Amino acid sequence: MKRPVISIFCLSSSLHEREFVSGICGKVINLFKKYTGYGDIFVYDEPIEEPVELRDRSNPDILVLIHATGGTSSLAKDMALRNGGWILLVAHDKHNSLASALSARRKISEYIGYAVKGVRLVYFDNYGDLEKTIKSFMEAAKTIYRLKQSKIAVINEKGILGDEAAKFILEIGASLEAIDFEKLWKMGEEAGSEEVEEAIRNISKYIDLRNTYREYVDRIARIYIGMKKLVEEGYSGIIIDCFPLVVKYRVTPCIPVAVLNAEGIPVACEEDYHSFLLMYLAKELTGLSGWISNPSGVVDKKYLRFAHCTIAPNIGVECKATTHFETGYPYAVVCKSRFRDVLFGRVDQNYKLLVLYRGKVVDSGMLAQHYCRTQMIVEPLSIDPYRFMNEALGNHHVFIPLIDDILEKIKWAAWLLGINIIIE
C-alpha cells in the first residue's frame, strides 16, 4: 500500500552561520526520520539558499520546509509553487525563523486551491514538543493516505451507489463498492454449523448472549460471517443500510456492527458516509472504535443525552444483547462507557467542516426504555446543551475516546483532507 511521500528541505540565508543552520536542520530532520515507518521520507542533503528542482524527490505529496533562519519567505514560496501539494512550514524561536515562516504562509496561502492544496505552520521552542507534533502529523498522514487507497463495502438493498456515495468518493477519495442484501445473506447462509458455532463463540467474547433465543443468534451470526468474509476479500471497512435489512429479515445487524468495530474493522450503520469517516479516523488514530449515536435531548438543563444500539465492546463494559429499540427485533447492544473523557462531533454535508466537542460521560448504559439501547449522559465542556441542539450539523455524532494526542491527530487529518475544523 502506497505511503505518503514527504520531501524535506532546510532553508537558510547566506547571512547566517553554517554551523548554526546545520545544527537546527539536523535536529529537526532526525525527528522526522524517527517516523519513517509512517511515510517515505526524502531529505535534501544540504541547507538551500536558492530554489532547487524537485524531480529527484519522488513527486512528494507533502513538502516540509524548515525555516532555519530569517530571509527565507520568498524561497519557501518558490519551493511551494514548484511542488504543489501540502506545504508544512517549520519555524523556531531564533534568528527570525518565525517571522519568515509567517510571511511565507501568507504568501503561499494566496495559491491554495490553485498551485497548492494547503499550508500550515509548526512553531517550536523545544525539541520535545516538536517531536510530539511530528509524531501526530506523521500518524495522520499515514492514516489519510491509507484511507484514500481503501476499498469500502457498501451494503444496501439494491446494491447500488447513490449520490451520497458519489460525494464521499469525490471529497475523500476512497473506493466504494456496492453489495446487495441477498449477496450478504447468501454468504452467511453458506456457512456450515461449525463456522456458525465459532462465530457465536467469538461474539460471546464481547457480548453477553444470555437471555437470547438461539434461532435469532444463529441468523445474526450468519450476518457477522458474511461481513467477515467481505473483510477477507480485501474490504477495509463497511457501510451498511441497516433499517431495510431489519425490515426484510426481522433481525438486526447491530451485534455484527458492534463486534466488527471492536475487532478493528470500521463499520457505519444507516449508510452514513459522514460518520464512517470519523469511525475510520477513530480506529486508525486511537486503536479503538468510535461510537455512532443520536442526540436525544437535554437532561437537567446541563447535560446532553445520546443513544444508539451499536456500541463497540472495546469502548464499553458489561455489554449484553437486548431488543432493538425501534422495532423490538433481536438484537441491539447495550454497554456502559469505558471512558469518561470523550470527543464527539460530525462532518458537515459537504465534507468541508468538522465540529468537535469535548465532554465528560456522567452516566451510561440502558438508562431508560424509550431510547436506543446504549445511552450516554454527557456534560459538554464548552457549549450550552441548547446551543448544541441549535447548531448541530446533523443527527449522528461520533464519539471518540479522548486519549493520547487524538485531538492533534484529528486536526492534522482534517487538514490533509481539506476540512476546516472547529473545536468547542
For residue 66, the residues 5 or more places away or on another chain with a placed amide H closer than 5 Å to its own amide H are 9, 10, 11, 90
Most to least packed among 5-12, 360-367, 197-204 [average Cβ atoms within 10 Å]: 5-12, 360-367, 197-204
Highest mean packing first, using Cβ neighbours within 10 angstrom, the peptides 33-39, 316-322 sort as 316-322, 33-39
Order of 175, 14, 150 under a 10 Å beta carbon neighbour criterion, fewest first: 14, 175, 150
Mind giving me the FRET efficiency for residue 102 and residue 352? R0 is 30 Å, r the Cβ-Cβ distance, nearest 0.05 is fine. 0.75
Give me a comma-separated list of calculated 3J(HN,Hα) values for the range 389-406, in order, Karplus coefficients 6.51, -1.76, 1.60 applied at θ = phi - 60°, integers in Hz, x for any Gly or Pro. 4, 6, 10, 4, 6, x, 7, 4, 10, 9, 8, 9, x, 8, 10, 6, 10, 4
Quickly estimate the mean residue ellipticity at 222 nm for the chain, helices only: each DSSP H run with n ≥ 4 gives -39500 (n - 2.57), and the total goes over all residues, rounded to 500. -12000 deg cm²/dmol
Under the 7 Å Cα-to-Cβ spin-label approximation, residue 368 and residue 263 lie apart by a distance in nanometres of 3.5 nm
Mind pulling the angle between the C-alpha long axis of helix 73-83 and the longest principal axis of the chain? Nearest 10 degrees, somewhere in 0 to 90. 50 degrees
Return the long-range amide H neighbours of residue 332 (sequence gap of 5 or more, or a different chain), with a cut-off of under 5 Å between placed amide H atoms. 322, 323, 324
Using only Cα atoms, tell me the angle between helix 193-206 and the longest principal axis of the chain; keep it within 0 to 90° and round to the nearest 10. 60 degrees
So which of 228/411; 151/283; 142/229 end up more than 20 Å apart by C-alpha? 228/411; 142/229
Size of the dipole of the range 273-424 about the Cα centre, Lys and Arg at +1 and Asp and Glu at -1 on the beta carbon, nothing else charged, in debye to 20? 160 debye
Burial-style ranking of 155-167, 250-262, average other-beta-carbon count within 10 Å with highest first, yields 250-262, 155-167
Loop-located chymotrypsin sites (Phe, Trp or Tyr not before Pro) in the range 195-276, at most 14 other Cβ atoms within 10 Å (DSSP): 213
Alpha carbon Rg of the chain, scaled by the compact-globule rule 2.2 N^0.38 Å: 1.10
What ranking of 92, 67, 397, 370 emerges when the number of other C-beta atoms within 10 Å of each C-beta is taken as an exposure proxy, fewest first? 370, 92, 397, 67
Give the long-range amide H neighbours of residue 340: residues separated by 5 or more places, or on another chain, with amide H under 5 Å away, using H modelled in the peptide plane at 1.01 Å from N. none
To the nearest 0.05, how large is the calculated FRET efficiency for residue 115 and residue 44 if R₀ is 25 Å and r is the Cβ-Cβ distance? 0.80
Taking neighbour Cβ counts within 10 Å as the exposure measure, how do 137, 243 sort from fewest upward? 243, 137
Reciprocal mean inverse distance between Cα atoms of the range 333-396 - Kirkwood radius, Å: 13.0 Å
Which lysines, on any chain, are close to residue 302 with Cα under 21 Å apart, when same-chain ones fewer than 8 places away are left out? 336, 360
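Read-outs throughout are calculated quantities, based only on the coordinates presented, and are distinct from any laboratory measurement. Quick caveat: nothing in here was measured; it's all calculated off a predicted structure. As a convention, Cβ positions derive from the backbone with ideal geometry for all residues, glycine included, and neighbour counts pool all protein chains shown.
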